[in-house]
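Below is one structure, written out as structure tokens; comments come after it.
Since every read-out is calculated from the coordinates, none of them should be taken as a lab result. These figures come from a predicted structure and were not determined experimentally. Don't worry about glycine lacking a Cβ; one is built from the backbone with ideal geometry, like all the others, and counts go over all protein chains shown.
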Amino acid sequence: MKNTKENNAKVKAIKKISQTRWVGNTIHETLGMCLVALNMESANSGWYNPTAVKISGLDGFYMVNEDGSIFCEARINKVDEKKYKIEYMTKTGWSEFEKLYSSFIGEN
């Protein structure tokens with residue numbers, strides 16, 4: 001994950017989103033399987049082998065996009081040794097995130 005103004009604003013905004021603004025029930029056996037599923041929903045190329053990061057202060061793992069940015073609309077939580085769940089921000093959560101991100105990205 002690149003240390004950019006955009007990524008820092010995304011992390012700051014995600015930290016303000018309530019846990020109740022995340023939903024999901026898609027289960028895979030590995031973190032890698034979840035990353036492949038998320039990659040198919042992203043703007044990354046089909047050749048990209050996605051990686052995940054654990055960000056201090058946030059629950060779950062986040063996919064790092066091909067350009068080094070955070071794929072922030074979804075996260076992956078480890079349920080047990082062979083169960084990983086993909087969760088997405090709700091529409092309300094995404095609206096809150098966009099407002100927060102816009103205000104944080106504008107800070108100097």
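Go ahead and estimate [θ] at 222 nm for the chain from helices alone: -39,500 (n - 2.57) per DSSP H run with n ≥ 4, summed, over the residue count, rounded to 500.
So the calculated ellipticity at 222 nm is -10500 deg cm²/dmol.
Reported to two decimal places, what Rg/Rh ratio describes region 62-108 when computed on Cα atoms with Rh from the Kirkwood expression?
1.09
If you stretched the chain out fully between residue 12 and residue 98, how much longer would it get, using 0.36 nm times the residue separation minus the C-alpha to C-alpha distance?
Taking 0.36 nm per residue and subtracting the Cα distance, the gain is 29.8 nm.
Length gain on complete extension for the stretch residue 49 to residue 3, per 0.36 nm per residue less the alpha carbon to alpha carbon distance?
Result for the pair: 14.6 nm of gain on full extension.
What number, in percent, do you get for the relative contact order of region 5-105 if the mean sequence gap of Cα pairs under 8 Å and at least 6 apart is divided by its residue count?
For region 5-105, the relative contact order is 37 percent.
Give, rounded to the nearest 20 debye, the magnitude of the charge dipole that region 5-105 has about its Cα centre when Lys and Arg contribute +1 at Cβ and Asp and Glu contribute -1 at Cβ.
380 debye
How far is helix 91-105 tilted off the main Cα axis of the chain, in degrees rounded to 10, range 0 to 90?
Tilt relative to the chain: about 50 degrees.
Putting +1 on Lys and Arg Cβ atoms and -1 on Asp and Glu Cβ atoms, find which of 62, 49, 100 reaches farthest to the positive end of the dipole of region 5-105.
Among 62, 49, 100, the one farthest towards the positive end of the dipole of region 5-105 is 100.
³J(HN,Hα) across region 63-75 via Karplus (A = 6.51, B = -1.76, C = 1.60, θ = phi - 60°), whole Hz, x for Gly/Pro?
Values, residue by residue: 6, 9, 5, 4, 8, x, 7, 8, 7, 8, 7, 9, 9 Hz.
Run the Debye formula on the Cα coordinates of the chain, all scatterers equal and no solvent, and tell me log10 I(q)/I(0) at q = 0.19 1/Å.
Each listed q maps to, in turn, -0.98.
Extension gain residue 105-residue 30, at 0.36 nm per residue separation less the Cα-Cα distance, in nm?
Taking 0.36 nm per residue and subtracting the Cα distance, the gain is 23.7 nm.
Determine the sum of side-chain charges near residue 42: Lys and Arg each +1, Asp and Glu each -1, restricted to other residues whose C-beta is under 15 angstrom from that of residue 42.
Surrounding charge for residue 42 is -2.
How many lysine pairs are close in region 5-105, with Cα atoms under 19 Å apart and the two 8 or more places apart or on different chains?
Pairs that pass both the separation and distance tests number 22.
On C-alpha positions alone, give me the angle between the axis of helix 31-41 and the longest principal axis of the chain, in degrees, nearest 10.
Tilt of helix 31-41: around 60 degrees.
Okay, which of region 81-100 sit inside 20 Å, backbone N to the point 7 Å along the Cα-Cβ direction of residue 20?
Answer for this model: 87-100.
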